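The values are calculated or read from the model by the stated rules, or taken from the named source; none is laboratory data. Predicted model, so just to flag it, every value in this text is computed and none were measured. Positions of Cβ are backbone-derived with ideal geometry, glycine not excepted, and every protein chain shown enters the neighbour counts. Ligands, DNA and RNA are stripped out before the accessible areas are found, and what is left, the full protein with its side chains, is counted by its heavy atoms. Shrake-Rupley method; radii C 1.70, N 1.55, O 1.52, S 1.80 Å.
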Amino acid sequence: MSDRLFGLIVLIASVAYFMAAANIQTGFLVDPVGPKVFPRLVSAIAALCALLIMLKPDDEPAWPGMSTWFKLLLALLVLVAYAYTLKPLGFLIPTAVAAGVLSFQIQSRLVPALLTGIGLSAGLFILFKFALGLSLFAVPRSWMGG
């Protein structure tokens, strides 16, 4: 049942994508294929795959238990909170907290999770700021007098 439902969702999305490709504006200088052909080709292949999934589904999977769904929900909430706190709190604090919580979920050992969070936060900051040249703030701007 789950494969057939997934196949139906992909089929509906591919038809919508195919129809959306019809609204692509073309200029007067286009190649013979044109800008509408590629999205239509992708949607046709997706529709074909969706039909195959619906016609030949796999056996029903063994879905995870409630504790796994809770852990996935917690990870999602942590990542959403990370996205919202990154700008006001700077890079180091939210990254350390998010990496620490996610690390604790992988292996429930507090000290290694804390060290992982702190290490990833500092290491990624150095990489992103100095090696890649991104304009990140380490801590909240208010702490730096701004």
Practice item. Could you please give the count of residues in region 103-120 that are within 23 Å of the chain's Cα centre (by Cα), under 19 Å from T68 (Cβ atoms) and surrounded by fewer than 19 Cβ atoms within 10 Å (Cβ to Cβ)? Key: 4
Check your understanding: Which condition breaks for P35 when tested against (1) at pLDDT 80 or above; (2) surrounded by 13 or more Cβ atoms within 10 Å (Cβ to Cβ)?
Key -> (1)
Revision key, fill the gap. Counted residues in region 52-84 being open to solvent by less than 80 Å² (accessible area, probe 1.4 Å), assigned to a helix (DSSP H, G or I) and in contact (Cβ under 8 Å) with a residue 12 or more places away in the chain come to 7
Point to revise | Restricting region 121-146 to residues that are in a loop (DSSP other than H, G, I, E, B) and open to solvent by 90 Å² or more (accessible area, probe 1.4 Å), the residue that is modelled with the highest pLDDT | key: L132
Check your understanding: Going by the structure shown, is Q25 over 21 Å from the mean Cα position of the chain (by Cα) and either in the same structural domain as L120 (by TED's automatic domain parsing) or within 30 Å of M144 (Cα to Cα) (or both)?
Key -> no
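Suppose we filter region 85-102 for residues that are of a type in the set (V, I, T) and either open to solvent by less than 30 Å² (accessible area, probe 1.4 Å) or part of a loop (DSSP other than H, G, I, E, B) (or both); how many remain? Don't jump to the end; show me each part of the working.
Within region 85-102, the first condition is being of a type in the set (V, I, T), and the residues that meet it are 85, 93, 95, 97, 101.
From the residues that got through so far, the ones that are either open to solvent by less than 30 Å² (accessible area, probe 1.4 Å) or part of a loop (DSSP other than H, G, I, E, B) (or both) too are 95.
Residues flagged as of a type in the set (V, I, T) and either open to solvent by less than 30 Å² (accessible area, probe 1.4 Å) or part of a loop (DSSP other than H, G, I, E, B) (or both) within region 85-102 amount to 1.
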Review point. Is it fair to say A138 is within 20 Å of the chain's Cα centre (by Cα) and not hydroxyl-bearing (S, T, Y)?
Key: no
